[in-house]
Amino acid sequence: MSEELNKEIAKRRTFAIISHPDAGKTTLTEKLLLFGGAIHVAGAVKSNKIKKTATSDWMEIEKQRGISVATSVMGFNYGDYKINILDTPGHQDFAEDTFRTLTAVDSVIIVVDVAKGVETQTRRLMEVCRMRNTPVIIFVNKLDREGRDPFDILDELEQELKISVRPLSWPINIGAKFKGVYNIYEHGLDLFTPSKQTISERVEIDDVNSPLVDELIGSADADKLREDLELIDGVYPEFNPHEYLEGNVAPVFFGSALNTFGVKELLDCFVKIAPSPQPIEAVERVVNPEEEGFTGFVFKIHANMDPNHRSCIAFVKICSGKFERNVNYRHVRSDKMMRFAAPTAFMAQKKNIVDEAYPGDIVGIPDTGNFKIGDTLTSGELLHFKGLPSFSPEMFKYIENADPMKAKQLDKGIRQLMDEGVAQMFTNSFNGRKIIGTVGQLQFEVIQYRLLHEYGAQCRWEPISLYKACWIESDDEAALASFKKRKHQFMATDKEGRDVFLADSNYVLQMARADFPDIRFHFSSEF
């Protein structure tokens with residue numbers, strides 16, 4: 001068994017693609033799927049019945065807005081490798097979903113727009129990668145449009161993302177004059193033909209000084225390319241895969257995802273250097289992928305992946321051992337044994353039932369309300385994986401039922417969407433009203449839209465002026481009771497029933513902390 005297991009682990013690559021909205025992340029995901037043979041035409045499906053939308057954006061609201069709001073999971077084979085991509089929402093209102101997704105991957109590809117450079121959202125996501133020492137590869141996109149000098153982009157990446165970079169491919173001109181990319185990693189010249197369907201031609205080159213280069217791209221560009229390459233070798237140290245795996249160096253590739261250009265170079269290098277599934281820290285001990293015993297954790301729950309069947313799906317990242325269909329596993333939080341008759345693996349919305357899965361794979365399990373984000377499944381051992389926090393929300397509204405006949409549907413809808421981690425719900429202890437807290441305005445629209453279209457329930461929002469929600473705890477029962485009594489109109493409980501203090505201003509929060517030194521205030525639910 002163990003030899004088979006090690007072989008399966010070695011060929012797995014599980015990674016997330018992250019970027020600022022509009023940098024071309026979903027397009028890049030789609031082109032990677034194209035090379036994996038998972039889809040056959042770019043633009044996914046072009047028929048009159050089906051509107052042309054990207055494979056990984058399949059929720060109705062995403063198609064209307066043209067942005068990804070839920071993390072999609074896609075698996076495909078490429079050569080001897082089994083690749084799992086998690087496409088994350090770029091929009092900052094959904095940052096929390098992305099932070100959670102990053103706990104389930106072994107490496108990350110960051111997409112940067114050559115004209116815009118590094119944007120705020122990218123910076124924040126990079127901090128999460130740095131916290132976990134996740135290896136990062138950078139893809140500089142949209143070279144067929146006018147943008148900035150590649151050397152300036154490299155400097156900005158180093159400064160803004162606080163990581164050393166090393167280009168492994170280099171563009172020949174940019175914008176209207178863009179001629180292609182020289183592949184430093186494999187010494188080849190890729191010539192650019194703008195096309196969304198075909199892959200550009202590849203010329204193997206032993207020496208960049210050969211006259212063939214002048215013939216192909218013209219002597220002025222050939223001279224410029226040689227100068228640039230000399231400068232790169234002078235400025236950047238030789239690429240060291242070990243430094244990349246440690247999270248100290250980010251290899252950089254250039255290309256145009258829309259024109260399927262520079263993507264194959266990225267993928268070929270990625271499968272060779274990216275890490276296979278890594279050991280994961282549980283509260284009790286470190287779990288190694290090679291262990292015989294199965295372990296995994298739920299990092300995401302998604303309601304209504306198929307509108308015809310009102311079902312939730314829990315996404316489980318497999319950390320060790322082999323997961324098998326119809327085998328009993330222990331659900332640690334409830335301490336029950338469960339078996340799963342229909343676990344699925346995804347190719348965006350298309351899902352197939354799987355009989356077995358290995359570390360690094362993501363399996364979807366139909367969920368009838370048994371799972372919460374962060375739950376652990378094992379072959380029997382008591383383990384708890386950590387690192388799936390809920391952050392303190394920044395925007396709050398009362399949620400009210402707009403259709404009294406549909407109270408049951410509304411309750412069910414809110415409960416399922418909250419389990420998904422879309423937002424957080426607090427019940428005000430003073431008046432019993434439900435408050436929804438989110439990181440951004442767009443989430444309120446998504447919740448309202450999904451309640452109506454998926455559950456047939458109508459809600460309306462009412463304003464509430466709050467600054468922060470913080471979880472509170474204390475070793476001193478009396479101090480806690482006295483705090484709750486003094487602040488009773490600002491007290492609420494979260495969906496786990498934990499005490500939450502709703503401060504309506506920064507001043508009130510600072511005063512409360514000063515007046516009650518025995519109470520600990522937490523800004524994330526993991527403590």
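With a Förster radius of 60 Å, plug the Cβ-Cβ distance of Ile464 and Ala10 into 1/(1 + (r/R0)^6) and report the FRET value to the nearest 0.05. The formula returns an efficiency of 0.70 here. Note on Tyr236: accessible area approximately 20 square angstrom, rounded to 10, probe 1.4 Å, nucleic acids and ligands left out. Taking 12 Å as the straight-line reach from the Cα of Lys468, the aspartates and glutamates in range (excluding those fewer than 8 positions away in the same chain) are Glu394, Asp504.
Once you've got the Cα coordinates, tell me which of Lys142/Lys300; Lys11/Lys224; Lys322/Lys372 are over 28 Å apart. Present the calculation step by step, with values, prior to reporting the outcome.
Working: Lys142/Lys300 31 Å; Lys11/Lys224 39 Å; Lys322/Lys372 22 Å.
Table pairs above 28 Å Cα-Cα are Lys142/Lys300; Lys11/Lys224.
Between Lys495 and Glu127, what's the calculated FRET efficiency when r is the beta-carbon distance and R0 is 25 Å? Round to 0.05. It comes to 0.35.
Of the cross-linked pairs Lys31/Lys82; Lys162/Lys317; Lys25/Lys434; Lys412/Lys484, those separated by over 26 Å at the C-alpha level are Lys162/Lys317; Lys25/Lys434; Lys412/Lys484.
Only Lys, Arg, Asp and Glu count, each charged at its Cβ (+1, +1, -1, -1), so figure out the dipole size of the range 411-450 about its Cα centre, rounded to 20 debye.
The dipole magnitude comes to about 140 debye.
Computed with every protein chain present, the accessible area of Met131 is close to 150 Å² [probe 1.4 Å].
With the cut-off at under 15 Å, measuring from each backbone N in the range 275-299 to a point 7 Å along the Cα-to-Cβ line of Glu381 picks out 278-297. Distant-in-sequence amide contacts of Arg433, defined by a placed amide H-H separation under 5 Å and a gap of 5 or more residues or a different chain, comprise Asn428.
The values are calculated or read from the model by the stated rules, or taken from the named source; none is laboratory data. On a predicted model such as this, the values are computed, not experimentally measured, just so you know. Cβ: placed from backbone, ideal geometry, glycine included. Neighbour counts: every protein chain shown. Heads up: the accessible areas ignore ligands, DNA and RNA and are worked out on the full protein's heavy atoms, side chains in. Shrake-Rupley method; radii C 1.70, N 1.55, O 1.52, S 1.80 Å.
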